[in-house]
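In what follows, a structure is listed as structure tokens, so that the remarks can point back to it.
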Amino acid sequence: MSQTIFLGSSVKVVQKETLNMEELYNLITNWLKLNGYGVYEIAYSDLLEGTKKIIKVSLHCENDRTDYIRFIIEPSFNFTNVKLVDVKKDGKNTKANKADIEINIKYFIEKDYDNFWSKGTYLGRFARDIYDNYIINKKLTKLDDELIKHVKLIMEEIKTFLNLHKNISI
């Protein structure tokens, strides 16, 4: 059975903004793909509650760093009070979405994701413990730092994107 290592609690961005939601989604998914992650959309809902539109999207992104270690990043987007508005961007009229935005990113490392070392035998699990504690311990610390760096870079991309859209006039 694979083992999950949570490196910290999830990170979150909450903001009320006028933006192109598709551009934000593409920014994040393209960054993940360029950095070696397989990106899978695991949930999507588009609801209308009265006059308020709610859009929720959840992704599962994985990057096999070795035959033993996999990075997992799970961004979820929650757009509430979504309204289509006319905006002026770079002197041109265009459409955008005004919404309350919540982006939550969970991240963790999965060890022995193919269950090679722990196929139900005590000897296999014992071998995995020795491998974890004595052979790859230092490498695992470096990989922990690398995953945290990836999440920080994604958050910086999101913050930069949202700050750029503050200059749009309605």
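Values in this text are rule-based calculations from the coordinates and carry no lab data. Just so it is clear, the model here is predicted, and its values are computed rather than measured. Note: ideal-geometry Cβ built from the backbone for every residue, glycine included; neighbour counts use all protein chains shown.
If the limit is 18 Å between Cα atoms, which of Lys111/Lys142; Lys12/Lys111; Lys111/Lys138 go over it?
Working: Lys111/Lys142 14 Å; Lys12/Lys111 25 Å; Lys111/Lys138 14 Å.
Correct reply: Lys12/Lys111.
Which entry is the computed mean projected area of the Cα convex hull in nm² for this structure: (1) 9.4; (2) 11.4; (3) 12.3?
Given (1) 9.4; (2) 11.4; (3) 12.3, the structure-derived one carries the label (2).
Could you list which residues have their amide H under 5 Å from that of Gly36, counting only those 5 or more apart in sequence or on another chain, with H placed in the peptide plane?
The list, which skips near neighbours in sequence, is empty: none.
Quick check: net charge around Leu27, other residues with Cβ under 14 Å of its Cβ, Lys/Arg +1 and Asp/Glu -1?
Net charge around Leu27: -3.
With θ taken as phi - 60° and the coefficients 6.51, -1.76 and 1.60, list the Karplus ³J(HN,Hα) couplings across the range 53-59 in order, rounded to whole Hz; mark glycine and proline as x.
In residue order, the calculated couplings are 9, 10, 10, 10, 9, 10, 10 Hz.
Going by a ≥ b ≥ c, the root eigenvalues of the Cα gyration tensor, does the range 65-140 fall in the rounded group (a/c under 1.5), the prolate group (a/b larger than b/c) or the oblate group?
prolate
Given the Cα-Cα distance of Phe116 and Ile54 and 0.36 nm per residue of separation, how much length would full extension add, in nm?
18.1 nm
Give, as a single signed number, the net charge of other residues whose beta carbon lies under 12 Å from the beta carbon of Leu59, with Lys and Arg counted +1 and Asp and Glu -1.
Local net charge: 0.
At a Förster radius of 45 Å, what calculated FRET efficiency corresponds to the Cβ-Cβ distance of Ile135 and Lys88, to the nearest 0.05? Display every interim value, and only then the final one.
Values: r = 59 Å, r/R0 = 1.31.
The pair Ile135/Lys88 has a calculated efficiency of 0.15.
Roughly what would the spin-label model give for Leu47 and Phe126, points 7 Å off Cα along C-beta, in nm?
Computed distance between label sites Leu47 and Phe126 equals 5.2 nm.
With a Förster radius of 22 Å, plug the Cβ-Cβ distance of Lys12 and Leu34 into 1/(1 + (r/R0)^6) and report the FRET value to the nearest 0.05. Working shown, then result.
Numbers: r = 23 Å, r/R0 = 1.06.
The computed FRET efficiency comes out at 0.40.
Sort 52-63, 79-90 by packing, meaning the average of other beta carbons within 10 Å per residue, with the highest value first.
Order by mean packing, descending: 52-63, 79-90.
Specify whether the C-alpha gyration tensor of the range 24-90 places it in the rounded, prolate or oblate class, a ≥ b ≥ c being the square roots of the eigenvalues: rounded for a/c under 1.5, otherwise prolate if a/b is larger than b/c and oblate if not.
Verdict is oblate for the range 24-90.
When the helices in the chain are scored as -39500 (n - 2.57) per DSSP H run of 4 or longer and the sum is shared across all residues, what 222 nm value do you end up with, to the nearest 500 deg cm²/dmol?
Here the helix-only value at 222 nm equals -10000 deg cm²/dmol.
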